[in-house]
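Below is one structure, written out as structure tokens, with a few remarks after it.
The values are calculated or read from the model by the stated rules, or taken from the named source; none is laboratory data. The structure displayed is predicted, hence computed values, not measured ones. In this analysis, Cβ positions are derived from the backbone assuming ideal geometry, glycine residues included, and neighbour counts consider all displayed protein chains. Surface areas here come from the heavy atoms of the whole protein model, side chains and all, with no ligands, DNA or RNA. Shrake-Rupley method; radii C 1.70, N 1.55, O 1.52, S 1.80 Å.
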Amino acid sequence: MELDRGRFLADLHRLRGFGAAGVGKGVVRPAYSAADIAARQWLAGRMREAGLEARFDPVGNLFGLAAGRSLLLGSHSDSQPQGGWLDGALGVVAALEVARAVQAAGGPAVSVVSFQDEEGRFGVTTGSSVWSGDLALGEADVLVDQGGVSFAQARGLMADLAGEPVDPGRFSGYIEMHIEQGPVLDGAGEQIGVVSDIVGIRDMQITFHGQQNHAGTTPMHLRRDAFQGLAAFNAEINARLASVVTDRSVWTIGHVAVSPNASSIVPGRVEFSMQWRDGDVDRLAQMEAIIRTTAQEIASLRGLRLEFGALLGLEPVVMDGALRAGLEATAGAVAPGRWRVMPSGALHDATNVARLMPVAMLFVPSINGISHAFEEDTHEGDLVVGLEVLARAVSEVR
Ligand code: GLV
Ligand code: MN
Ligand code: MN
């Protein structure tokens, strides 16, 4: 099979042009934004040029379908509100290059996918959750983003492109190539990670309701300041979680909305995201109990009313043994002594696809371990090594 490395890199840079922003190679291409839809239309054209049937499903997942039964490769092409050029895009463009190369070589059949809203503008890996049946379309449609736009409204922007749902039964398995998004491979000077398992995640909105009041006249002891509630919660939660977590457990308060967000008003309401991840479901539940109890204690101490939003999540998933063995064999051949087996601390569409078929993943290094930031990058030589491992694995597992 003849890979065209120049064409692969040129396509990656072309995709970066949709929503290019910030310093370096940053992109702003959230799901269903104008840049995201334009990028998907461009990708659909590249799929057609590669001899694949380009099809958008009802939520905007884009498939490039080979005839008959095929192996599915891909990832996602939406980005975080501030993201890099490779998160998701790499897996889609590498899949496209492998699909072109196998066509020229006369097989095996490879299809390509770019899932929609992997980055969770609306939920957690929304497009592949719906496709896999983990999330009913009716439940997805009522999810709202931070700006109050519903999933139904957003996917309506792609309604004129939407075709029939794609039958998962046509695929024999799924392989997703991705950047590591962490420091392990880069720190060790290695080129390939073969993924053993993907962590589970829980995500919940928490709101403290206090009393909005005048910041000059309200004595400190009479205040019911919602932001002070969040500050106390944040100060407390690390110490409390320490009793159950390991060094692989993580938790993040990444989005905060202070209301009304004015210097001379004691905040009456603070809504924030609480997200936690771990490879063990029992530990995820223990962390949830600590988070809920801590928030309740702080609310009652400070005279705040507490509200928990819906708990969203995905379970930890183990990669398929046979597909993983194929990746290990090719990693050993392409990058001898410079690869390892490792878990994924980031979420991926592969988690959802694992409900439908065998899945496996491979990583390439992230420079300085940075991702979900404009600075995200990987040496082009490492991108090409990853492409080669993926392509050889496709022949290996056929
Ligand atoms: C997906 O990018 C994640 O949050 O891990
Ligand atoms: Mn990703
Ligand atoms: Mn991401």
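For a label point 7 Å from the Cα of ARG248 along Cα→C-beta, name the residues of the stretch 164-196 whose backbone N is under 13 Å from it. Zone members listed by number: 195-196. Using a probe of 1.4 angstrom, how much of the accessible area of the stretch 44-125 is carbon and sulfur, in percent? Roughly 46 percent, rounded to a whole number. Estimated from helical segments only, the mean residue ellipticity of the chain at 222 nm is -11000 deg cm²/dmol, where each DSSP H run of four or more residues counts as -39500 (n - 2.57).
List the relative contact order of the stretch 120-241 as a percent without decimals, with contacts defined as Cα pairs under 8 Å and 6+ residues apart. Display every interim value, and only then the final one.
Details: 49 pairs, mean separation 13.4, N = 122.
Once divided by the residue count of the stretch 120-241, the mean separation gives 11 percent.
Our note on the geometry: Cα centres of the stretch 236-310 and the stretch 1-68, 37 Å apart. The ratio of the alpha-carbon radius of gyration of the stretch 156-226 to the globular-protein estimate 2.2 N^0.38 Å is 2.27. Taking every protein chain into account, the accessible area of the chain amounts to 39 square angstrom per residue (probe 1.4 Å). Scoring 338-345, 210-217, 169-176 by mean Cβ neighbours within 10 Å over their residues and listing the highest first yields 169-176, 338-345, 210-217. When DSSP beta bridges are restricted to pairs lying wholly in the chain, around 65% turn out antiparallel.
Counted residue by residue at 0.36 nm each, then reduced by the alpha carbon distance between them, the extension gain from SER264 to MET220 reaches 14.5 nm. Helices in the chain that qualify as membrane-span-like (whole DSSP H runs, Cα extent of at least 18 Å along the helix axis, mean Kyte-Doolittle hydropathy of -0.5 or higher) are 34-49, 89-105, 226-241, 281-302, 321-334, 380-396.
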